[in-house]
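The values are calculated or read from the model by the stated rules, or taken from the named source; none is laboratory data. What you see is a predicted model, and the numbers here were worked out from it, not measured in a lab. Virtual Cβ from ideal backbone geometry, glycine too; neighbours counted across all protein chains shown. What goes into the accessible areas is simple: the full protein's heavy atoms, side chains included, and nothing from ligands, DNA or RNA. Shrake-Rupley method; radii C 1.70, N 1.55, O 1.52, S 1.80 Å.
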Amino acid sequence: MKKHIPNIITLGNLACGIVAVMMAYECQFELALWFVVGGVLFDFFDGMTARLLGVSSAMGKELDSLADMVTSGLVPGMVAYSLLDGAWSYLGFLITLFSALRLAQFNIDERQHESFIGLATPANALFWLGLAVGYGELIPMWALILMTVVSSLLLVSPIPMFSLKFKGFGLKDRMNVVRYMFLLLSLGLLIAFEYKGLPMVIVLYVAVSLFLCMRKSLHKLT
């Protein structure tokens, strides 16, 4: 029986994603956001539960990707579709297509066990839902089109994104300092701007990752 527990949790992620798609289609973005947050939590606990119970499986890995494809791939595509106007609306599903590519790459990329290469689909989904809830129709069409293309490319980009997983909590690990500072700044943004702070947090995450990548490249050159 215990081998089915992680898969049941994964199905919770999928169920949240299905409801979030319907909410996004009806432009009930705040509800969609909370269902995606629920899906992300299920996504976190299914893997942790599988490891704790010692029942990790290939089927669980595939099911996890299928659930993520809905919750973190189809939902942000639907959000972008709802925010864009006219024929441009269908451009929103570019996010869904690139999410599928990202998830397929993630499943076969052995380098992404401890950190990510390219923007993770849950982070992208939270960006778009925060954008919809916090800013709604305030964003000009050209900016929405640009963000759709950029976020799609970030999903499959070769940029290393720093991990928020702590192996220890001491400050001797320089990456822990980065993690603590990022989490504190993120908390400050969410407290100060509420929903509007969510896209800022994701942009901050990408910016810090780019800075760390550039610093590492410069260090190699010297």
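Just a few scattered comments:
- log10 of Debye I(q)/I(0), alpha-carbon scatterers only, for the chain at 0.12, 0.15 Å⁻¹: -0.67, -1.04
- Taking the Cα centre of the chain as reference, the dipole from Cβ charges on Lys and Arg (+1) and Asp and Glu (-1) amounts to some 1020 debye.
- For region 59-117, accessible area per residue (1.4 Å probe, heavy atoms of protein chains only), Å²: 50 Å²
- Helix-only CD estimate at 222 nm, as mean residue ellipticity for the chain, using -39500 (n - 2.57) per DSSP H run (n ≥ 4): -23500 deg cm²/dmol
- Dipole size of region 1-103 about its Cα centre, with +1 on Lys/Arg Cβ and -1 on Asp/Glu Cβ: approximately 440 debye, rounded to the nearest 20.
- Size descriptors for region 68-200, from the alpha-carbon set: Rg then Dmax equal 16.0, 53 Å.
- Computed from the alpha carbon atoms alone, the convex hull of region 1-128 holds 91 Å³ per residue.
- A protection proxy built from the mean count of other Cβ atoms within 10 Å ranks the segments 149-155, 10-16, 71-77, 203-209, most packed first, as 71-77, 10-16, 149-155, 203-209.
- The chain - percent of accessible surface contributed by carbon and sulfur, probe 1.4 Å: 73 percent
- Once the Kirkwood radius over Cα pairs is known for region 1-59, the Stokes-Einstein relation at 20 °C and 1.002 mPa s delivers a diffusion coefficient of 180 µm²/s.
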